[in-house]
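The values are calculated or read from the model by the stated rules, or taken from the named source; none is laboratory data. Computed from a prediction, not measured in an experiment: that's the story for all the values here. Cβ sites come from the backbone with ideal geometry, for glycine too, and all protein chains shown count toward neighbours. Just the protein is used for accessible areas: all its heavy atoms, side chains included, with ligands, DNA and RNA removed. Shrake-Rupley method; radii C 1.70, N 1.55, O 1.52, S 1.80 Å.
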Amino acid sequence: MRWIRAAGRGLLVAVVILTGYAASGAAPAAGESDDGRGPMTLATAGDLTGYLGRVLDGWNQTHPGERVTLVELPDSADETRAQMVTDLRSGAGRFDVLNIDVAWTTEFAAAGWIAPVDRTRLPLDSFLRPVVDTATYDGKLYAVPYVTNAGMLFYRKDVLDREGERPPRTWAELERQARTIAPRHGLGGYAGQFLPYEGLTVNAAEAVYSAGGSILGDEGERVTVESPAARAGIGFLARGVRDGWIPREALTYTEEESRQAFQNGRLLFLRNWPYAYAGASGADSRVAGKFGAVPLPGPDGPGTSVLGGSNLAVSSHARHPDSARDLIAYLTSEQVQRRVLTEGALPPVRAALYQDPALVRRFPYLPALRTSVLAAAPRPKSPRYEQVSLAVQAVVHDAMAQHQTPAAAVRRLAGELAAITHRR
């Protein structure tokens, strides 16, 4: 899984590895101060458009004594997280500001690796409401939303128009169109990200949430997945493969493989993040000008997406925490958030930008994305999120591959999650 291409699209999480920096508690170097202000490191990875370096140039020009250094890790999400966790556990203090996956906030906060944030100093009312929840743990704010994301349903508008159909609003409509219309046009019906990795956790959670269920409660301390809603959600995905309107090839798809399949004209419907809009509109796309994007469907109407994106946090070992907090305020200001969208092609967290007429003309999917984000929910919160995600991936993939029934899969998942949550 690639970072920007990882589940959550806009996951700019990374680690700054800067040799020669003093560990927390060491004497300040020349040009530094010990009053909470001074040079910083910003953890980021996979800035494929190069926009973040330009944004930080603006900060550095006006804050010469508090310059921020940007260093990127390899694209692998697992590798990045492993290096972050190793350093944070050691207390080496090489990171000041961390841009962490929204799903990691609970884990990092529970471990004491990131410091609480004073919410009274932030214009949180200006953010899209659900994104703030991804930055909280145990009733406290531990990070500041930076990039958000929500899954959307991409569809072949030209094909549906030819058939006199509208994009589906329910699972039944999606299933019928994928099963009957797609074959008439030589297309696969529906695909998401079904390889057993983080993307499948997202797709599975969306199916369960859309059916009215949940996976964990009480900040990951209570297992709630054993329910009719979870069986319905996982059953919807498993039935798609069994009945053929989800191609079996989709069981190997990540974001990129699924995007390419849709962009190359092989699918009627695709669940993906908004980043796929740009590729499908490109000069080399076979569907440019022939597709649209709407919120995900659910059993009886609009479904529930999982929130993607990243949050900015101050490391508990930050050398200059006051400067770090000011940098986060700068990066989440409306001016910079506009650049996050226009230069970084990533969904911002500032609500007003989704209703800016000039931006909507340039990014036509913004109204639908806003609707999706406002109806979205976080991934299961847990201090042991990595283990939770691995369990969800394995069990749901087995159900989709027809190795066990959805009912058996839900029972098995409930048992595995119970073992994880009670592990000390």
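Observations on the structure shown:
- Of all residue pairs spaced 6 or more apart or on separate chains, those with beta-carbon atoms under 6 Å, a first member in segment 75-96 that is over 20 Å from ALA115 (Cβ atoms) and modelled with pLDDT under 75 and a second member that is open to solvent by 10 Å² or more (accessible area, probe 1.4 Å) and assigned to a loop (DSSP other than H, G, I, E, B) are ALA77/MET1.
- Applying the criterion of being modelled with pLDDT of 95 or more and outside any loop (DSSP other than H, G, I, E, B) to the residues of segment 61-74, the residue that is surrounded by the most Cβ atoms within 10 Å (Cβ to Cβ) is VAL68.
- Residue selected from segment 174-201 under the condition part of a loop (DSSP other than H, G, I, E, B) and in contact (Cβ under 8 Å) with a residue 40 or more places away in the chain, by the criterion farthest from the chain's Cα centre (by Cα): HIS185
- Comparison of GLY244, GLY282 shows that the only residue that is surrounded by fewer than 24 Cβ atoms within 10 Å (Cβ to Cβ), modelled with pLDDT under 95 and more than 21 Å from GLY199 (Cβ to Cβ) is GLY282.
- Within segment 125-137, the residues that satisfy the criterion of being aliphatic (A, V, I, L, M) and either modelled with pLDDT under 95 or outside any loop (DSSP other than H, G, I, E, B) (or both) are VAL131, VAL132.
- When segment 138-173 is filtered for residues that are of a type in the set (Phe, Trp, Tyr) and not in a strand (DSSP E or B), the ones remaining, listed by number, are TYR142, TRP171.
- Segment 85-124, subset among the charged types (D, E, K, R), over 21 Å from the mean Cα position of the chain (by Cα) and in a helix (DSSP H, G or I), residue nearest to GLY220 (Cα to Cα): ARG89
- When we screen VAL396, VAL388, VAL373, VAL392 for residues that are crowded, with 22+ Cβ neighbours inside 10 Å, assigned to a helix (DSSP H, G or I) and more than 17 Å from the chain's Cα centre (by Cα), the only hit is VAL396.
- Search result, residues across segment 351-370 that are of a type in the set (Ser, Thr, Tyr) and open to solvent by less than 20 Å² (accessible area, probe 1.4 Å): TYR354
- Filtering segment 260-276 to residues that are under 16 Å from the mean Cα position of the chain (by Cα) and open to solvent by 10 Å² or more (accessible area, probe 1.4 Å) leaves only TYR275.
- Subset of segment 221-241 (residues that are buried (at least 19 other Cβ atoms within 10 Å of the Cβ), under 27 Å from THR106 (Cβ atoms) and out of contact with any helix residue (DSSP H, G or I) (no Cβ under 6 Å at 6 or more places or on another chain)): ALA229, ALA232
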